[in-house]
Amino acid sequence: DAGVIQSPRHEVTEMGQEVTLRCKPISGHDYLFWYRQTMMRGLELLIYFNNNVPIDDSGMPEDRFSAKMPNASFSTLKIQPSEPRDSAVYFCASSSSAPREQYFGPGTRLTVT
Amino acid sequence: QKEVEQNSGPLSVPEGAIASLNCTYSDRGSQSFFWYRQYSGKSPELIMSIYSNGDKEDGRFTAQLNKASQYVSLLIRDSQPSDSATYLCAVGPSSASKIIFGSGTRLSIRP
């Protein structure tokens, strides 16, 4: 079975541009999590969904960040406008129940110049 | 107090020895506990989960849970250079569906 799929794997953009990260969870998993990882702050939970509904977005750093899950197979994390301090690796993870095992995608390395 | 605490390391262990990684957590009602391994430049990979007090063994890995002491550990027997990575402890709190990650312990296995 395919694991969690994320795209793009790398994104380089200029400050002020819109960035959209994409995630396809493992089929049958009804929880989806978005994380950000930096050396300074470690792995931070941004938002998570259950059955396509956002449950907790308290980790979203500011209004420039938004996330959607229009169906069980797809989620997006959008940053508009992007800033250099948004540079990080963004991971998507999914789980069949919670709080249970989460499986991570390969991540998107975002660089904002 | 952080919700999940780990020593950041680095922890240096000779090849073939036992590596012991430790984690404490603050939510006494936590019910689920996980260890993830993360190689540099890669995503976290689940290696162990444990839900009951005691030991759980899987190959060279043993997870130990002591809920009374709010302590979970990971033992790696016969350490190999390929075990060199950052190990993340994660805890499922009593009141939410998310899991809380520690900051990770960097493990280095020296030949």
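The values are calculated or read from the model by the stated rules, or taken from the named source; none is laboratory data. Remember, predicted model here, so these are calculated numbers, not experimental data. Cβ atoms come from the backbone with ideal geometry, glycine included; neighbour counts cover every protein chain shown.
Taking the conditions (1) assigned to a loop (DSSP other than H, G, I, E, B); (2) under 10 Å from the mean Cα position of the chain (by Cα); (3) among the β-branched types (Val, Ile, Thr) in turn, residue A:76 satisfies each one other than (1).
Taken over region A:79-113, residues that are closer than 20 Å to residue A:12 by Cα and either surrounded by 15 or more Cβ atoms within 10 Å (Cβ to Cβ) or touching a Cys at 6+ places or on another chain (Cβ under 7 Å) (or both) amount to 16. Residue B:90 passes every criterion in (1) under 10 Å from the mean Cα position of the chain (by Cα); (2) within 16 Å of residue B:10 (Cα to Cα) apart from (2). Taking the criterion of being within 15 Å of residue A:74 (Cβ to Cβ) and touching a Lys or Arg at 6+ places or on another chain (Cβ under 8 Å), the residues of region A:9-22 that qualify are A:20, A:21.
To keep it simple, each residue is scored yes or no on (1) closer than 26 Å to residue A:110 by Cβ; (2) over 13 Å from the mean Cα position of the chain (by Cα).
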{"residue": "B:31", "(1), (2)": "no, yes"}
{"residue": "B:46", "(1), (2)": "yes, no"}
{"residue": "B:51", "(1), (2)": "no, yes"}
{"residue": "B:68", "(1), (2)": "no, yes"}
{"residue": "B:74", "(1), (2)": "no, no"}
{"residue": "B:82", "(1), (2)": "no, yes"}
{"residue": "B:86", "(1), (2)": "yes, no"}
{"residue": "B:101", "(1), (2)": "yes, no"}
{"residue": "B:108", "(1), (2)": "no, yes"}
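If you go through region B:34-45 and keep only what is over 13 Å from residue B:99 (Cα atoms) and either in contact with a strand residue (DSSP E or B) (Cβ under 7 Å, 6 or more places away or on another chain) or in contact (Cβ under 8 Å) with a residue 12 or more places away in the chain (or both), you end up with B:37, B:38, B:39, B:40, B:43, B:44, B:45.
Residue by residue, here is whether (1) among the polar types (S, T, N, Q); (2) within 12 Å of another protein chain (Cβ to nearest Cβ); (3) assigned to a strand (DSSP E or B) holds:
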| position | (1), (2), (3) |
| --- | --- |
| B:29 | no, yes, no |
| B:34 | no, yes, yes |
| B:43 | yes, yes, no |
| B:46 | no, yes, yes |
| B:79 | yes, no, no |
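If only residues of region B:81-111 that are farther than 16 Å from residue B:36 by Cα and surrounded by fewer than 14 Cβ atoms within 10 Å (Cβ to Cβ) are counted, the one that is modelled with the lowest pLDDT is B:95.
Residues in region B:6-28 that are surrounded by 16 or more Cβ atoms within 10 Å (Cβ to Cβ) and more than 12 Å from the chain's Cα centre (by Cα): B:11, B:13, B:27.
When the criteria are applied in full, residue B:90 fails the requirement of being without any contact (Cβ under 8 Å) to a residue 60 or more places away in the chain, in a strand (DSSP E or B) and touching a strand residue (DSSP E or B) at 6+ places or on another chain (Cβ under 6 Å).
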